[in-house]
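The values are calculated or read from the model by the stated rules, or taken from the named source; none is laboratory data. Since we're looking at a predicted model, the values are computed, not measured. Glycine also receives a Cβ, built like all others from the backbone with ideal geometry; neighbour counts cover every protein chain displayed.
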Amino acid sequence: MVMVTADGERNGASLNRALSFGTTKTIHLLGWVVVLLAVLAQLAGPTAAAMVAALYFACGLPHGASNEQRASLSAFAPLEIVAYVVTGMAAAAFIFAEPVAGLILFLALSAWHFASDRRDHTLVTGVGIALLLVGGSALFRRSATADVFASLIGTTVPNPVMSIIAAAGALGCLLALHTVWKEPRARNLALTAIGAPLLLDPVLAVGLLFLLFHAGPAQIEQVRNFGLRAVRHAAGWPSIAALAIAIAGCLLVAYGGLPMPILAAIFGGMTVPHMLTLRL
């Protein structure tokens with residue numbers, strides 16, 4: 001297992017060279033391109049919205065495909081991969097067996113995970129955007145969100161549960177508005193976090209915020225800290241394998257070979273070890 005430390009000593013890759021990956025202005029421009037593409041997909045219709053959402057989730061895959069610690073980045077050892085898969089499949093089995101409870105726990109864990117990964121944001125901003133990510137669509141597009149949940153878990157989500165999820169989104173909206181008022185540096189992100197679930201299909205809104213708020217910044221930080229070559233070495237093959245499995249699963253669902261609730265449970269379960277550890 002090859003490990004790369006944060007000082008970038010491997011292969012002479014210094015931190016200064018790693019920092020040359022993208023200026024702040026370029027990264028901000030890419031962020032607005034991502035937002036614009038989401039808006040165009042929404043205008044183009046449900047098929048385009050679903051495709052762009054899938055693209056955003058796929059682009060976010062590499063952020064969790066390597067063993068990142070505070071000062072090092074490495075590929076996962078075989079035993080670590082086995083432990084991850086076993087834990088993820090156990091979580092998937094629970095989600096499939098208890099779909100409503102599984103959904104509630106999954107959303108709660110997701111909110112904690114996103115809020116904990118604040119990077120340059122204050123706690124208020126991080127919690128606000130995290131709550132909008134998991135509950136904003138239930139607040140602004142309740143019926144459409146309930147339909148998405150039903151298709152994913154194979155049963156209708158009770159109204160009281162939907163109300164709790166929407167309430168989380170409402171709290172997130174209030175915290176995001178506080179950010180707009182008090183934190184000029186995070187104002188655009190907070191406004192995007194409100195606008196996405198308000199204006200976009202639920203799956204597209206989540207995909208957009210997942211990439212902009214969590215996966216994208218994580219990947220940029222990895223490249224800045226360790227260098228692009230090190231990130232490719234650590235996360236390349238796991239990302240390709242995960243993407244191939246995801247595509248195969250989607251094709252099975254599309255052609256009737258696998259029920260959607262099973263695939264959704266697997267997808268959800270396999271993110272649980274990552275969210276619990278803030279790694280992989």
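For region 130-141, does any single residue satisfy the condition of being surrounded by fewer than 14 Cβ atoms within 10 Å (Cβ to Cβ), farther than 20 Å from L211 by Cβ and not basic (K, R)? The answer is no; no qualifying residue exists. Inside region 145-162, can you point out the residues that are in a helix (DSSP H, G or I) and surrounded by 14 or more Cβ atoms within 10 Å (Cβ to Cβ)? If the condition is that a residue be in a helix (DSSP H, G or I) and surrounded by 14 or more Cβ atoms within 10 Å (Cβ to Cβ), then T145, A146, D147, V148, F149, A150, L152, I153, V161, M162 are the ones that fit. Filtering region 187-202 for residues that are buried (at least 22 other Cβ atoms within 10 Å of the Cβ), of a type in the set (D, E), outside any helix (DSSP H, G or I) and touching a helix residue (DSSP H, G or I) at 6+ places or on another chain (Cβ under 8 Å) leaves a non-empty set.
Let's see how each residue does on (1) surrounded by 14 or more Cβ atoms within 10 Å (Cβ to Cβ); (2) assigned to a helix (DSSP H, G or I); (3) at pLDDT 90 or above:
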site: H214; (1), (2), (3): yes, yes, yes
site: R224; (1), (2), (3): yes, yes, no
site: A230; (1), (2), (3): yes, yes, no
site: I240; (1), (2), (3): no, yes, yes
site: L243; (1), (2), (3): yes, yes, yes
site: I247; (1), (2), (3): no, yes, yes
site: C250; (1), (2), (3): yes, yes, yes
site: G256; (1), (2), (3): no, no, yes
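Output the residue which, of all residues in region 45-93 that are outside any helix (DSSP H, G or I) and not small (G, A, S), is modelled with the highest pLDDT. Taking the candidates together, the pick is F76. Of the residues making up region 108-129, those that are touching a residue at least 60 places away in the same chain (Cβ under 8 Å) and in a helix (DSSP H, G or I) number 9.
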